[in-house]
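Single-structure report; data block below.
The values are calculated or read from the model by the stated rules, or taken from the named source; none is laboratory data. Keep in mind that what you see is a predicted model, and the values were worked out from it rather than measured. No Cβ is skipped: glycine too gets one built from the backbone with ideal geometry, and neighbour counts run over all protein chains shown. Just so you know, the surface numbers come from the protein's heavy atoms only, side chains and all, with ligands and any DNA or RNA stripped out. Shrake-Rupley method; radii C 1.70, N 1.55, O 1.52, S 1.80 Å.
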Amino acid sequence: MSATGIYGLSGSGIDVDSMVKVGMMSKQNEYDRMYKKEVKQEWTKQAYADLYSDLNTFNSTTMSKYKMSATLNPQSVSSTNTAVATATANADAAAMSHVVTVKQSASNAYLLTGDEGISRATGNTGSIYLRDLIDTSKLAENGDKLSFTVSDGQNTATITFTSQQIQGDNETLNDLVSAFNSAGLNIKASYDATNDSFSLYNSTGGSANGIYLTAGTVGANDAVTQDNLGLQLLNNLNLHTVTTTTEGGVATSTLSDEAVSLVNSAGAAALGGATANVDKLVSTFGEGNELTATIVSGEGKASVSYGGKTYEIPLSDYTYANGVATINFADEDGTTYVYTNGEGGSAKLTKTAADSTVTELNGTTESSTASVTYGGMAGSDAVAVIDGKTYTSATNKLTVSNVTYNLLATGSSTLTVTQDTEKVVENVLKFVEDYNEMLGKLNDMYNEQKYSDYDVLTESQKKGMTQEQIEKWEEKAKSGLMYHNQTVGKLISAMREAIYTPVESVDPYRTDANGKEYTYNTLMSIGIESKTDRGILRVDEDALRKAIANDPDCVYQLFGSLDTENDDYGKNGVAQRLGDVANASLKEIKTYAGTSAESADGSSLGNLIEEMKKKMSDFKTMLNAFENSLYKKYDAMESAIQRLGVSLGYITGGQ
């Protein structure tokens, strides 16, 4: 558009816009050449990004699995009695038979309400409210709460319900379920309202894991009476033990005849079994300066009360050796304490402040020992005799000598490990398929026909075309971007070399029945060879199977060998070589063109694109200025012609 925007008032008949357009033509052509070059560079960068993505997937996902022994030397295991035991074997397992006798299956601790259902202290049968399971008149003497301790064999937790929760909030058996499940243990609780049944299940099996309950007070020798509301609640759940056995492939679960019951005795409150020893140490370091340490070995924890604070510490911070007990604990401000209780009732407390000031206190100790008996049940370990040796496991899965056994029932079975030839052949065929797919893409890039008559379209050219026409044109214009590209050509050559070069680390030459020497040190020797002049491979399955039969390790050695000392190319297997080739090309591509179409990535090609964009922007600014200058020039010419016309009219008198 012109500087003034109005032309022809002078009657000159000059087409100023056309004259400006002609004047701009050479410079517009120069800008269009830059634009086409920049677009072509962006297309090329995208082509490199696509190549990087395909090659990276080929290397990190596809080719990596062909370096694994599980892929190259898979094993299969057969069992003479699959109802008793099955197994899987990794590539390092010896090809041989194993005799397995399963004496006991692993199980999980499981407590379940029996056929009698849940008892209610109030007689309100079927009620789900906790208040109906206990004598609420005893809440006051129980400290306005009920509580009990539960352990999964590894950790413990105390579950408490206040008088407000029981009587005010009307909490139910479902809230009891939530309390168990949020206790941070491996115990899962459930309440079946339809059958009025409560259950506790330890999600981890084995004898080291169980369900243990107590309503006793840790460290106290007070008798646990029926007035203890935690005792009442647990007893009224009428929990029975559930044991499961598997024989002949048939699993049988048995509910105990009697509900396990908490007993009443000094220092004991149980559903029947494990005992936690409680050591209590009370040391005095002067008047009003007392430290109390409680160590509960069965719960795996200890606590220290000192200076008005209570410190919960793991048993790892408690040691006992040569008659001396030592406990380490610390404040949040960085102050550390070492408490030592020696023989003869002596005690010592060493305090180290955050500023490293050390204070030592000496005192005397009184000690006492009590016990709290936890009741419930433990899970059971699996017990199996394999090749004459007895093994135990917390689960029904056991790994011995690279063979993982699934123990399904008591009984005996013979399991035989052999190479899975069909799987080896399948994996080799898949390797060839994956390799051919990658090499095929590279060959297509390298040899793609270039349509030189189809150049980048400028914005003005696109205005006269439909979207479909633009897409078809640009499809041709983008052809041959990587035609005879040096990086692609090098990659193709390196991949083919990795395939055909002998692997030096395979077993040495052998002699067949006819006295002829042979070795499987190339892919061709096991039936893999080119079927085209572009390196596409094919597999002779008969030759491959014969090679595997003669040397079961040949595939693993050819593909998966790795020279860990020197990374020698000749000694590395085919999969390792291809990985190295891909890594080298990925590094080269990343340096030159980056890993995506984004131009501002610091790559060489990205920098060229950014520079061209800057050059085009500067040129566009100059182009606009030049266009304005042409319009101003013709503005002046129009004004001059107009003045001339006025003067002539005056001279001629308007004639």
Open item on the list: Out of the residues in the stretch 64-77 meeting the condition of being in contact (Cβ under 8 Å) with a residue 60 or more places away in the chain and out of contact with any strand residue (DSSP E or B) (no Cβ under 8 Å at 6 or more places or on another chain), tell me which one is surrounded by the most Cβ atoms within 10 Å (Cβ to Cβ).
Closed with: Leu72
Open item on the list: So for the stretch 88-95 (the condition being under 20 Å from Asn396 (Cβ atoms), at pLDDT below 95 and not small (Gly, Ala, Ser)), does at least one residue qualify?
Closed with: yes
Open item on the list: Can you tell me which of (1) within 16 Å of Leu439 (Cβ to Cβ); (2) touching a residue at least 12 places away in the same chain (Cβ under 8 Å) is the one Asp533 doesn't meet?
Closed with: (2)
Open item on the list: Looking only at the stretch 15-45, count every residue that is more than 30 Å from Glu598 (Cα to Cα) and either at pLDDT 90 or above or open to solvent by less than 50 Å² (accessible area, probe 1.4 Å) (or both) and tell me the total.
Closed with: 4
Task: Only one of Leu415, Leu429, Leu398 that is touching a residue at least 60 places away in the same chain (Cβ under 8 Å) and under 32 Å from the mean Cα position of the chain (by Cα) - done: Leu429
TODO: Need at least 3 residues that are of a type in the set (S, T, N, Q) per element, so show me which helices (runs of 4 or more DSSP H) inside the stretch 499-598 make the cut, counting only ones lying wholly within it.
DONE: 574-593
- [ ] Select, from Ser203, Ser182, Ser207, Ser178, the only residue that is open to solvent by 30 Å² or more (accessible area, probe 1.4 Å), among the polar types (S, T, N, Q), out of contact with any Asp or Glu (no Cβ under 7 Å at 6 or more places or on another chain) and within 26 Å of Leu407 (Cα to Cα).
- [x] Ser203
Open item on the list: Can you confirm whether Val503 is in contact with a Gly (Cβ under 9 Å, 6 or more places away or on another chain), open to solvent by less than 50 Å² (accessible area, probe 1.4 Å) and at pLDDT 95 or above?
Closed with: no
Open item on the list: For the stretch 283-300, check the following and say yes or no: at least one residue is in a strand (DSSP E or B), loosely packed, with under 15 Cβ neighbours inside 10 Å and modelled with pLDDT under 75.
Closed with: no
Task: Answer from Thr57, Thr101, Thr61 - the residue that is in contact (Cβ under 8 Å) with a residue 60 or more places away in the chain, out of contact with any His (no Cβ under 6 Å at 6 or more places or on another chain) and not acidic (Asp, Glu) - done: Thr101
- [ ] Please go through the stretch 46-55 and pick out each residue that is buried (at least 18 other Cβ atoms within 10 Å of the Cβ) and out of contact with any Ser or Thr (no Cβ under 7 Å at 6 or more places or on another chain).
- [x] Ala47, Tyr48, Leu51
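Residue by residue, here is whether (1) free of Cβ contacts under 8 Å to residues at least 40 places away in the same chain; (2) closer than 30 Å to Leu491 by Cβ holds:
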| site | (1), (2) |
| --- | --- |
| Ala597 | no, yes |
| Ala600 | yes, yes |
| Gly606 | no, yes |
| Ile609 | no, yes |
| Lys615 | no, no |
| Leu623 | no, no |
| Tyr634 | no, no |
| Glu638 | no, no |
Task: Breaking point among (1) open to solvent by 80 Å² or more (accessible area, probe 1.4 Å); (2) within 30 Å of Lys40 (Cα to Cα), for Glu426 - done: (2)
Task: Cβ pairs under 6 Å, 6+ apart, first in the stretch 135-163 and within 27 Å of Asn202 (Cβ to Cβ) and open to solvent by 50 Å² or more (accessible area, probe 1.4 Å), second in a strand (DSSP E or B) and at pLDDT below 90 - done: Thr158/Ser147; Thr158/Thr149; Thr160/Lys145; Thr160/Ser147
TODO: Go through the stretch 444-468 residue by residue and tally those that are in contact with a Lys or Arg (Cβ under 9 Å, 6 or more places away or on another chain) and over 29 Å from Met524 (Cβ atoms).
DONE: 7
Task: Hits in the stretch 109-132 - residues which are open to solvent by less than 50 Å² (accessible area, probe 1.4 Å) and not small (Gly, Ala, Ser) - done: Leu111, Leu112, Thr113, Ile118, Arg120, Leu130, Asp132
